[in-house]
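Peer 1: This is the structure I want to talk about, given as structure tokens.
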2 protein chains.
Amino acid sequence: MTTMLDVTDITAGACCTPLVREPLTAEQADQLAGTMKALADPARLRLLSIVAASENSEACVCDLIEPVGLSQPTVSHHLKILTNAGFLTRSKRGTWAYFTLVPGALDRVSQLLVAS
Amino acid sequence: MTTMLDVTDITAGACCTPLVREPLTAEQADQLAGTMKALADPARLRLLSIVAASENSEACVCDLIEPVGLSQPTVSHHLKILTNAGFLTRSKRGTWAYFTLVPGALDRVSQLLVAS
């Protein structure tokens with residue numbers, strides 16, 4: 001469902017629990033769910049974790065294939081999903097692609113889970 | 001794939017990028033991917049967001065049905081997934097169930113995305 005979520009409707013529906021700040025709109029939730037889907041995969045979490053654990057939070061694709069035990073095309077596919085979702089940036093030097101972590105990419109979700 | 005990821009293997013495979021800390025193991029990644037799946041859904045993100053935006057980060061299930069425009073069984077199903085994943089806790093008072101946010105539930109993922 002992608003019905004527009006109107007904050008007025010939410011407040012009107014709040015019979016017993018007042019809202020103290022504005023929740024996500026349906027559009028924001030759709031977009032954020034797509035971002036979360038990029039993380040909902042063990043291979044992608046491992047790749048992200050290896051990049052994050054590497055010096056300067058950067059790793060060559062050549063270093064990512066062996067640890068996860070997947071083929072190079074599969075690893076590249078996962079890295080593309082993580083890059084499109086905003087968790088990694090990609091740069092090319094010589095024959096190899098390098099991936100760098102984007103810190104704070106999860107901030108919008110973390111902010112959801114902070115007590116108001 | 002659920003092959004055990006050995007840190008020694010990773011270090012051995014790191015031809016050009018030294019690791020500065022330990023990445024997720026395959027088991028940790030499997031578990032975390034399950035947690036992320038709970039967030040990879042627009043309706044669940046909206047429900048979580050409404051609970052987080054409610055006073056004391058707590059909401060009655062009766063207040064969650066109308067804003068998301070889903071049936072009560074569907075809302076209850078989504079809330080159960082969020083509770084099982086550790087994002088909400090559930091308590092019953094009278095006829096209604098109340099859901100409370102668990103702050104810091106995303107910490108393990110956020111830590112991944114902090115520059116080392």
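The values are calculated or read from the model by the stated rules, or taken from the named source; none is laboratory data. Worth saying up front: this structure is predicted, and the values here are computed from it rather than measured. Glycine gets a Cβ as well: all are built from the backbone with ideal geometry, and neighbour counts include every protein chain shown.
Peer 1: Just to verify a result, which residue in segment A:65-108, among those that are among the hydrophobic types (A, V, I, L, M, F, W, C) and over 17 Å from the mean Cα position of the chain (by Cα), is surrounded by the fewest Cβ atoms within 10 Å (Cβ to Cβ)?
Peer 2: Filtering segment A:65-108 for residues that are among the hydrophobic types (A, V, I, L, M, F, W, C) and over 17 Å from the mean Cα position of the chain (by Cα), the one surrounded by the fewest Cβ atoms within 10 Å (Cβ to Cβ) comes out as A:TRP96.
Peer 1: Can you tell me how many residues in segment B:53-64 are within 12 Å of B:LEU88 (Cβ to Cβ) and surrounded by fewer than 24 Cβ atoms within 10 Å (Cβ to Cβ)?
Peer 2: So the answer is 3.
Peer 1: Would you pick out the residues in segment A:40-97 that are farther than 21 Å from B:LEU19 by Cα and in a helix (DSSP H, G or I)?
Peer 2: Passing the criteria: A:PRO73, A:THR74, A:HIS77, A:LYS80, A:ILE81, A:ASN84.
Peer 1: Pairs please, first residue from segment B:55-66 and more than 7 Å from chain A (Cβ to nearest Cβ), second anywhere and of a type in the set (S, T, N, Q) and part of a helix (DSSP H, G or I), Cβ atoms under 8 Å, 6+ apart in sequence or on different chains.
Peer 2: B:VAL61/B:GLN72; B:VAL61/B:SER76; B:ILE65/B:GLN72
Peer 1: For segment A:98-109, how many residues are among the hydrophobic types (A, V, I, L, M, F, W, C) and outside any loop (DSSP other than H, G, I, E, B)?
Peer 2: Residues meeting the conditions: 3.
Peer 1: While we're on this one: Specify which of the listed residues (A:ARG21, A:ARG44) is at pLDDT below 90 and of a type outside the set (Phe, Trp, Tyr).
Peer 2: Of A:ARG21, A:ARG44, the one residue that is at pLDDT below 90 and of a type outside the set (Phe, Trp, Tyr) is A:ARG21.
Peer 1: Taking segment B:17-42, which residues are at the interface with another protein chain (Cβ under 7 Å from one of its Cβ atoms) and among the hydroxyl-bearing types (Ser, Thr, Tyr)?
Peer 2: B:THR17
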